[in-house]
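Notes follow once the structure below has been shown.
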Amino acid sequence: MTGGDRGPAADGGTGPPAGGGARLAGRTALVTGAARGLGRACALALAREGADLVLLDVAGELPGVPYPLGSASQLAHTAALCREAGAAVLTRQADVRDLAALEAAADAAEERFGRIDVLVNNAGIAAPSGRPAHEITEAEWQLMIDVDLGGAWRAIRAVGGRMAAQGSGSIVNIASTAGLVGYRHFAGYVAAKHGLVGLTKAVALDYAPRKVRVNAVCPGSVRDDAAMEGRMLAEIARSLEVPVAEHEAAFVRDQPMNALVEPGDVADAVLWLASDESRRVTGSVVTVDGGFTAR
Amino acid sequence: MPPAHHTLTVSLPPTVTDTALATALAAAAELWWPGGRHPRLWSETVPAPAGSDTAARRRAAEARRPVAPGHRLRAVLLRYADGLRAGAAATDGDLVLTADGSALDARSLRLVARVLRGELAADAVTPLDGPLAPDLRLDEETRRLAAALAVTVGRYTGEPAVRVAVPVPALDRPPYALGALDGYAVLTADLSPGRTVAELLATEPVAPAGAPGPLLAPAEGAEPPALELAAGTGAGPATLPTAPDALPVPAHQVEHVRRQLLDGPPGTPLHRLDPLTASESAEQRALGTTPKAPAPLRIDEALAAQVAARPDAAALTAGAVTLSYAELNDRAEEFADGLYAHGVRPGDLVGLCLPRSADLVVAMLAVLKADAVHVPLDPEHPADRRERTARDAGVRLTVGDPAALTGHPPRPAGERRVAGAPAYVIHTSGSTGRPKGVLVPHANVTALVDAVRDDFGLCPDDTWTCFHSAAFDFSVWEIWGALLTGGRLVLVDHWTSRSPEDFHALLVRERVSVLSQTPSAFTQLAAADRTGGDLSALRLVVLGGEPLDTRPLLGWFDRHPEDRCRLVNMYGITETTVHVTAATVTRREALAGSRSVGRPLPGWSVRVLDAHGRPVPPGAPGEIHVGGAGVALGYLNRPALTAERFVPDPLDPAGRLYRSGDLGRLGPDGALEHLGRIDDQVKVRGFRIEPGEIRHVLLEDPAVSAAAVTVTGGRDGDAAAVRIDAYVVPAPGAGEDPGPVRERAARLLPAHMVPATVTVLPVLPLTANGKLDAARLPAPGTRRTPEPAAAPREAAPDGVLAAIWRDVLGVAEIGPDDDFWDLGGNSLYAIRIGTLARERGLPGIPLRQLYLTPTLGALSDALAREA
């Protein structure tokens, strides 16, 4: 690993060895929001375990989101890193609010790779946030719910039926500790992520007879890794109008393990849920938060 | 039960492009299965050489993949790292075809492959409809032709056995099968020594292993031999395939062998058969000398080819005026006549003091047509400097008004000198202050353009800017790069070049596709680009003239993805004809903060040598020496300096090397890292200060969009007088407080390299050439306490500490908010303070503490906490 997705602070990570393995050899995984951050970390981890990848990102600005989203250049860089790890890669520019774009991407993925085995619903936005519930505008509320909750549901609409038909598949929804507890001034985000945990459980029951598993991963505060080009933590801090370093320090203090979560820690959980090692796990929530929600 | 899927991997001829292949696939599919769901072509680049294990694994993985439900066929085109030539449309690759086993069979796949390889027309392949044809026997003609093909190929490859596929009728085919009449069986020709013609002709073709029955039902899924005969019409004999790449040997040689098989006695040993005709044998023996490389061209000769090829295409745009190639040429002819009338003769030097206008380029070309040498004199330079430069050079004439060159009688025709003759003299400022004129021949410039033409895909569709002064050799690249590749050159006037917003508007308006900039100017342009118009025509940015910091390019890539606009960093020197190396910069290099300037251009060479001219050990720094096609003739009228800088190449008696005075390091991949000027190296107590590294750390800060570092003092040996000052331009939305920037730098840099001050500027000053103008940087910012501090605290440790600061820094009054660095502190002063503190009974002060708590008050508080 080239100083990438697991920083020096990671203590006791249980991920794959640096060279990668073959836990997902021959599988095809579709990852949304793959241009950077957790999406890039997950894509790269899946590639290192032998999966081929379909990488989706909005790769452009979203009106109403106060910070730049992933770019086409970043998506291409994720693809290049995955190819170097041995994966065949298909990239598509797609907004998770656009069902037709997701269906077209799923069609292309199936035509290219024969089948889709893993769906990682990672695309999401952290802002507009930072204000009490009664100050959120109708448009801001709709945008947040539409991307963070609606986006995962639409990707499941595009891919779930195919997995059910083939009688196998694993869907991993990247939720948040905001899907388990509340955060002040983040009503829209917290509601969307709680919704995503609910969606996970319901769809898990829909698909259980067809051997398609659906689980959620709830990361705590993930460090903005330079190589992954993450900026979630920075944007949350900006929403709260506190310096990033102060925000980071506060989170570290609040976490029983006294360390931020690294992108690779989350990717390891995703790998486990994507692989057959978790074959009897469905409808569950894996929390990767250094113990933050344990108390 | 048919197998789940069939797969076939074939290599592609290098001339097949992705687009052509995709079109051929779509057209063939529509012809065979009209109205059906047609396969798409999927392209994938494997980041490893075609022969590597990685590539083999990828081919195997593609072959294993099932076909999606509802699809008949998948076509995946694999390209490889070693087949990739940037800018080239066509590369070698493998085509992996996979078919749904219930729809198609392996033979159909082979036909698809042959159609896509261009060996067979799509309409020559019959899709299955109706009953199968009756048996066809393998006739004598087919047998002889297969044997002749095997013998001929065997003579080329030296293989003892050659397999040839011969057409046989097909039997059991799946519903969408193709080519119902042309199945294949395999004739394995044993060519080992001692075998005779009769034995060869008696060889029976067999169905590939595992096939039921004798000859007529080839097994599905078996790999076909590379050599295939084409089925004849009706019951006629097979023929040689006619497609261009289907035969690895010339068809007439196969025919030559076939005649020998037919006419010769059956007992003839196979080694007597000769594919070569008598004249071919003779030619083969005569070979042994390689053709000479074409002689390099003069600039005006190379331009004449463009004028002849596209006389009416636009060549120059200046403001509202555009000249075609023919107009440019005609006007330059007229100017050349004028030069002759003014007494200019071959080999004379002609000063050009013209603004960036069409006439400047016309006059340059005219000087070359007159077989003279042009000496650009920047009209923005002071008149005295221009005059002195012209006098030193000994110019015959200085052109300041092009009107003086018009209306003269034609000059007599004469033979122009060779391409090795000088074309221009460009002056570079030396460390001694007296400019040196670098004498560059024609051939260097045409070699430069030829060296990058293919890689950069330079073509007549391109529009270039001439942004730089004619006195800066970056303009040589801009002008001749455009005109010798048939492009259009847009001249940027002085005032537009000084305004990033206006220049950006020009790029949009003129739809510029090839842009050359110094990194400093590009940083300002990139800032203007955040709010400027659409640069959709821009496809290539060449950065040169200064060291590049890649990190700030991330924002540019977000707006201009690398696959739409390529960014190339070039290292170069006037003495080696503008450029030496090129490195394509992508997000990867920017994220890694790469400082590589890449590999030498084709024809240029780079050596990193020590002071004795020996190669340094791998990865060690040394002086960059440049050899090859770009080395200039020398300095004008400076034989001693020329002999000092242009030295014989120890490895090549005919070659010369230019000693650049630059420090560099060669990576194991042959890529050069440029480490700065050797003269600029400043050492403090044995530690070298690397301004580039300091700048690099500053630029990694997300709050910083541009940075400059100055190192002053210390050259006369007083290390304590060395002072490092930094200047930063804040990133959009970042604050104006330099404090956090310096704190971050202090955490990341070794103590002797931490800047004493960080000054925030709205923009960095640039020279007329677009490089950082260090002389125009303001005095380093000070954050002195506005009012003298109320009352200097007298209690220890404050009082003692303040006294130490006063002694060491030589400042009379110091308040608790005064900052060590703002008072001129540096790392050696810090060490002295630490020493004095211990001597005077205070706790030791680690150097780092002064960075963390740089004010007297804060330091004092920190010491109190320690105690």
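No lab work stands behind these numbers, since they all come straight from the coordinates. These numbers were taken from a predicted model, which means no experiment stands behind them. Here Cβ is always computed from backbone atoms with ideal geometry, including for glycine, and neighbour counts include all displayed protein chains.
Overview of results
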{"item": "Residue-averaged beta-carbon neighbours from other chains (10 angstrom radius) around B:702-708", "result": "1"}
{"item": "Computed FRET value (nearest 0.05) for A:Asn258 with A:Leu99, which takes r as the C-beta separation and R₀ as 56 Å", "result": "0.85"}
{"item": "Kyte-Doolittle mean at least -1.0 and Cα axial length at least 20 Å: DSSP H helices in chain B", "result": "B:18-32, B:140-157, B:325-341"}
{"item": "Spatial separation of Cα centroids for segment B:571-611 and segment B:802-867, in angstrom", "result": "44 Å"}
{"item": "Residue-averaged beta-carbon neighbours from other chains (10 angstrom radius) around B:39-45", "result": "3"}
{"item": "Ranking of A:Lys193, B:Lys436 by count of other Cβ atoms within 10 Å, fewest first", "result": "B:Lys436, A:Lys193"}
{"item": "Inter-part distance where segment A:154-189 and segment B:417-483 are each reduced to a Cα centre, Å", "result": "58 Å"}
{"item": "Dipole of chain B [Lys/Arg +1, Asp/Glu -1 at C-beta], most positive-end residue of B:Pro174, B:Tyr571, B:Val257", "result": "B:Tyr571"}
{"item": "12 Å cut-off, amide nitrogen to a point 7 angstrom out along A:Ala249 Cα→Cβ, residues in segment B:836-867", "result": "none"}
{"item": "Cα→Cβ-extended label distance, 7 Å offset, between B:Ser43 and A:Val181, nm", "result": "5.1 nm"}
{"item": "Dipole-positive endmost among B:Trp33, B:Gly437, B:Val125 within chain B (Cβ charges, Cα centre)", "result": "B:Gly437"}
{"item": "Packing-based exposure ordering (other Cβ within 10 Å, fewest first) of B:Ser102, A:Ser176, B:Ser279, B:Ser497", "result": "B:Ser279, B:Ser102, B:Ser497, A:Ser176"}
{"item": "Gaussian network model of chain A, springs between alpha carbon atoms under 10 Å - residue of A:Glu241, A:Glu140, A:Glu49 with greatest fluctuation", "result": "A:Glu241"}
{"item": "Ranked by how many other beta carbons lie within 10 Å on average, peptides B:541-547, B:381-387, A:288-294, B:145-151 from highest", "result": "B:145-151, B:541-547, A:288-294, B:381-387"}
{"item": "Cα gyration tensor, the protein assembly as shown - rounded (a/c under 1.5), prolate or oblate", "result": "oblate"}
{"item": "Neighbour-count order for B:Ser192, A:Ser71, fewest beta carbons within 10 angstrom listed first", "result": "B:Ser192, A:Ser71"}
{"item": "Shielding by partners, peptide A:110-116 (average Cβ within 10 angstrom, other chains)", "result": "6"}
{"item": "Rounded to the nearest 20 debye, dipole of chain B from Cβ charges on Lys, Arg, Asp, Glu", "result": "1080 debye"}
{"item": "Furthest towards positive pole of dipole, B:Thr518, B:Val115, A:Asn215, structure part the protein assembly as shown, Cβ charges", "result": "A:Asn215"}
{"item": "Nearest-20 debye value, chain A charge dipole, Cβ charges on Lys, Arg, Asp, Glu", "result": "820 debye"}
{"item": "Packing-based ranking, highest mean first, of A:145-155, A:38-48, B:832-842 given that Cβ atoms within 10 Å are counted", "result": "A:38-48, A:145-155, B:832-842"}
{"item": "Label point distance in nm, A:Leu205-B:Ala326, each placed 7 Å from Cα along Cα→Cβ", "result": "8.2 nm"}
{"item": "Relative counts (whole %) of C-alpha pair distances in segment B:1-125, using bins that are 5 Å wide", "result": "2, 11, 22, 24, 20, 13, 6, 2, 0, 0"}
